[in-house]
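Okay, structure first, notes after.
The values are calculated or read from the model by the stated rules, or taken from the named source; none is laboratory data. Only a predicted model underlies this, so the values are computations on that prediction, with no experimental measurement involved. In this analysis, Cβ positions are derived from the backbone assuming ideal geometry, glycine residues included, and neighbour counts consider all displayed protein chains. Ligands, DNA and RNA are stripped out before the accessible areas are found, and what is left, the full protein with its side chains, is counted by its heavy atoms. Shrake-Rupley method; radii C 1.70, N 1.55, O 1.52, S 1.80 Å.
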Amino acid sequence: VTGAGVVALLTALFARRAGAASVVVLDPTPQRRAVAEALGLETLDPADGDPAVVLKTRWRHAAGDRGADVVFQCRGQASALHLALRLLRPQGTVVDLAFYQGGADAVRLGTEFHHNGLSLRCAQIGRVPRGLAPTWDRDRLSAETIALLGEYGDALRKHLVSAVVPLDEAPTVLTDLAARRRHELQVVFAA
């Protein structure tokens, strides 16, 4: 999983709960990696060497076949999408949960993408891939969410919610967040 924001961390927990053989969260921010580790997730700092080399060395399937089967890309930065593609094994898939407000001009669909026959899937809120919709209806999605919260609810409350703020302070908090004067993982506004 590239990124360690709320969406990325929930995605990593869902992947682990669904039986992924290995889940690693990559994020350059020490505080976010610490939250991932507090949730019991393995982390990797992209600045500590090339994560593609580290993980492809670890995840060997056969000669010329190493890397992740699936990478969930959650950062909304072209460089993170490029890294996600590099982490894959041949014919692997990036599931991109991010939104690129400024586009993704720096994404390089060269060597890894073409030579390894990679797939890139967009996953946005409220969209289940065609063909899976009958088996992943709203009831099943809700049940899986409730099950995840049942298993990790206390840890999520403890580690993901970084601030509880009175609702009347919301305009100031949102302005500070937008101006990057304040940094929070997840703010909850209380009435």
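When you check residue 27 against the structure, is it of a type outside the set (Val, Ile, Thr), closer than 20 Å to residue 145 by Cα and within 12 Å of the chain's Cα centre (by Cα), yes or no?
Working: of a type outside the set (Val, Ile, Thr): yes; closer than 20 Å to residue 145 by Cα: no; within 12 Å of the chain's Cα centre (by Cα): yes.
Criteria not met by residue 27.
Any chance region 149-160 includes a residue that's modelled with pLDDT under 90, in a loop (DSSP other than H, G, I, E, B) and either open to solvent by 80 Å² or more (accessible area, probe 1.4 Å) or not hydroxyl-bearing (Ser, Thr, Tyr) (or both)? Don't jump to the end; show me each part of the working.
Initial filter on region 149-160 (modelled with pLDDT under 90): none.
Within region 149-160 (the criterion being modelled with pLDDT under 90, in a loop (DSSP other than H, G, I, E, B) and either open to solvent by 80 Å² or more (accessible area, probe 1.4 Å) or not hydroxyl-bearing (Ser, Thr, Tyr) (or both)), the answer is no, since none of the residues qualifies.
Restricted to region 9-22, and to residues that are aliphatic (A, V, I, L, M) and either within 19 Å of residue 153 (Cα to Cα) or touching a strand residue (DSSP E or B) at 6+ places or on another chain (Cβ under 6 Å) (or both), which residue is surrounded by the fewest Cβ atoms within 10 Å (Cβ to Cβ)?
First, pick out the residues of region 9-22 that are aliphatic (A, V, I, L, M): 9-10, 12-13, 15, 18, 20-21.
From the residues that got through so far, the ones that are either within 19 Å of residue 153 (Cα to Cα) or touching a strand residue (DSSP E or B) at 6+ places or on another chain (Cβ under 6 Å) (or both) too are 9-10, 12-13, 15, 18.
Working: 9: 27, 10: 20, 12: 25, 13: 22, 15: 18, 18: 10.
Per the criteria, the residue is 18.
May I ask you to list pairs of residues, at least six apart or on different chains, whose Cβ atoms are under 6 Å apart, with the first in region 14-27 being within 24 Å of residue 48 (Cα to Cα) and the second being open to solvent by 70 Å² or more (accessible area, probe 1.4 Å)?
From region 14-27, the pairs are 23/16; 24/42.
How many residues are part of a strand (DSSP E or B) and either open to solvent by less than 50 Å² (accessible area, probe 1.4 Å) or out of contact with any helix residue (DSSP H, G or I) (no Cβ under 9 Å at 6 or more places or on another chain) (or both) if we restrict to region 32-76?
Going through region 32-76, the residues part of a strand (DSSP E or B) turn out to be 42-44, 60-62, 65-66, 68-73.
The next check asks that each one be either open to solvent by less than 50 Å² (accessible area, probe 1.4 Å) or out of contact with any helix residue (DSSP H, G or I) (no Cβ under 9 Å at 6 or more places or on another chain) (or both); those that pass are 43-44, 60-62, 65, 68-69, 71, 73.
Number of matching residues: 10.
What residue, among those in region 79-109 that are open to solvent by 50 Å² or more (accessible area, probe 1.4 Å) and polar (S, T, N, Q), is farthest from residue 14 (Cα to Cα)?
Filtering region 79-109 for residues that are open to solvent by 50 Å² or more (accessible area, probe 1.4 Å) and polar (S, T, N, Q), the one farthest from residue 14 (Cα to Cα) comes out as 101.
Would you be able to say whether some residue in region 110-119 is open to solvent by less than 40 Å² (accessible area, probe 1.4 Å) and without any contact (Cβ under 8 Å) to a residue 24 or more places away in the chain?
Checked region 110-119: at least one residue is open to solvent by less than 40 Å² (accessible area, probe 1.4 Å) and without any contact (Cβ under 8 Å) to a residue 24 or more places away in the chain.
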